[in-house]
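K.L.:
There's a structure below that I have some questions on.
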Amino acid sequence: MGEGLARTTKTTRMKIYLKNFVLSQLTVIFALAYFALAPNVWAITHSLLITENSSDSLTVTYDGSTIVPVEISPDHWQFTLPDLVHFGYGEGSFGAPDGGAIPEPEAVPPLGPWNNVFTSTTVANPCTNLVDVQSDSPTTNAYAVPLSDNVSGQVGYDCNNNPVYLTFHDSGDRSSVPNKIVLNYSLAPGANSAAIRPVANKPVLVMGVCTSLGVRGVGQVTLLHIASSFLEGTGLESPFSASITNGYSGTAGTHIVYIDYSHQVDIQVASPDTIRVHNGSGTMRTGNVTLVW
């Protein structure tokens with residue numbers, strides 16, 4: 001190969017290399033410029049999923065992690081997020097609870113009732129990590145974000161201006177079938193059944209029967225359970241001498257209602273929060289107790 005041809009070949013290869021190098025560097029520069037000028041590319045989108053299973057049960061997940069809410073009262077919960085957030089929009093979302101308003105299944109807009117998922121913030125303190133959920137509320141905030149049941153929508157943002165999307169599903173009002181607990185018992189003389197915890201702050205119908213031959217009977221009582229305090233009720237004792245029974249107590253062993261013919265098997269207070277069946281007869285007794293609310 002001649003010297004001139006060798007130099008030409010070497011020069012051509014160098015030009016191709018330089019061209020490719022420049023193009024690669026320009027690509028990097030343009031890419032960096034794009035991401036620098038488009039910060040939303042890096043934005044985080046938060047997902048808050050809330051399901052109301054009943055007036056005493058709420059499940060919460062935030063960005064895929066489970067959060068355990070604290071029940072304040074029936075249909076009312078609070079929970080803490082790992083991020084500081086602000087729910088609601090506009091000036092009206094400061095200085096008063098505000099956030100997402102989801103109509104109940106039976107709601108007549110704009111009258112409600114509503115499922116309110118709110119935060120409480122001020123202009124001085126625009127963010128918080130405490131979220132309040134109030135179900136079956138007769139009112140909502142005029143500045144609340146209207147959302148549909150089980151449909152994701154932006155309810156606010158975190159304090160880095162990343163959007164927070166809320167999906168609230170009210171499954172607690174989807175069925176007309178009441179809640180129920182059934183306890184079957186078979187008790188030796190002097191024995192107690194397992195304890196049952198009635199739901200708090202709601203009327204609970206307690207119906208019991210004894211199915212043992214010769215002493216079969218039935219009794220019922222409507223109970224009010226005040227958590228960690230007492231159980232109060234009024235009802236009707238089993239035959240043979242059916243009469244009104246009533247009272248309140250948190251003391252174990254307190255009589256509530258007889259459910260056998262001979263008035264030896266009764267439902268009793270087991271603790272300030274629970275009830276039980278007690279067999280006060282001298283022989284085995286069987287039957288069942290049903291709680292409905």
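The values are calculated or read from the model by the stated rules, or taken from the named source; none is laboratory data. Computed from a predicted model, the values in this text were never measured in an experiment. Every residue, glycine among them, receives a Cβ derived from its backbone with ideal geometry; neighbour counts consider all protein chains shown.
K.L.:
Please determine whether any residue of the range 213-220 is in a strand (DSSP E or B) and more than 20 Å from V292 (Cβ to Cβ).
P.N.:
Scanning the range 213-220 turns up no residue that is in a strand (DSSP E or B) and more than 20 Å from V292 (Cβ to Cβ).
K.L.:
So in the range 228-251, with the set limited to residues that are among the small types (G, A, S) and more than 35 Å from the chain's Cα centre (by Cα), which one is nearest to T274 (Cα to Cα)?
P.N.:
S238
K.L.:
From G156, G217, grab the single residue that is within 30 Å of G99 (Cβ to Cβ), buried (at least 20 other Cβ atoms within 10 Å of the Cβ) and of a type in the set (G, A, S).
P.N.:
Sole residue among the options that is within 30 Å of G99 (Cβ to Cβ), buried (at least 20 other Cβ atoms within 10 Å of the Cβ) and of a type in the set (G, A, S): G156.
K.L.:
Oh, and also: Can you say whether V117 is at pLDDT 95 or above, more than 16 Å from the chain's Cα centre (by Cα) and not in a loop (DSSP other than H, G, I, E, B), as far as the supplied structure shows?
P.N.:
Judged against the criteria, V117 is not a match.
K.L.:
Looking at (1) surrounded by fewer than 16 Cβ atoms within 10 Å (Cβ to Cβ); (2) in a strand (DSSP E or B); (3) at pLDDT below 90, which is the only condition G92 fails?
P.N.:
For G92, the failing item is (2).
K.L.:
Okay, next question. So, of the residues in the range 258-293 that are assigned to a loop (DSSP other than H, G, I, E, B) and either under 28 Å from the mean Cα position of the chain (by Cα) or hydrophobic (A, V, I, L, M, F, W, C) (or both), which turns out to be surrounded by the most Cβ atoms within 10 Å (Cβ to Cβ)?
P.N.:
I259
K.L.:
For N192, work out the one condition from (1) at pLDDT 95 or above; (2) touching a Cys at 6+ places or on another chain (Cβ under 8 Å) it doesn't fulfil.
P.N.:
So the condition that N192 fails would be (2).
K.L.:
On to the next question. Here is a list: L84, L130. Which entry is surrounded by fewer than 17 Cβ atoms within 10 Å (Cβ to Cβ), in contact with a Cys (Cβ under 9 Å, 6 or more places away or on another chain) and assigned to a strand (DSSP E or B)?
P.N.:
Only one candidate qualifies: L84.
K.L.:
A follow-up question, please. Which of the residues belonging to the range 135-153 are surrounded by fewer than 20 Cβ atoms within 10 Å (Cβ to Cβ), at negative phi and assigned to a loop (DSSP other than H, G, I, E, B)?
P.N.:
Matches in the range 135-153: P138, T139, N141, A142, Y143, S148, D149, V151, S152.
K.L.:
With the requirement that a residue be closer than 16 Å to V199 by Cα, of a type in the set (D, E, K, R) and in contact (Cβ under 8 Å) with a residue 40 or more places away in the chain, what does the range 53-89 give you?
P.N.:
Within the range 53-89, D56, D75 meet the criteria.
K.L.:
Tell me which residues, restricted to the range 72-114, are more than 23 Å from the chain's Cα centre (by Cα) and of a type outside the set (A, V, I, L, M, F, W, C).
P.N.:
Once the filter is applied, which keeps residues that are more than 23 Å from the chain's Cα centre (by Cα) and of a type outside the set (A, V, I, L, M, F, W, C), the range 72-114 yields Y89, G90, E91, G92, S93, G95, P109, P110.
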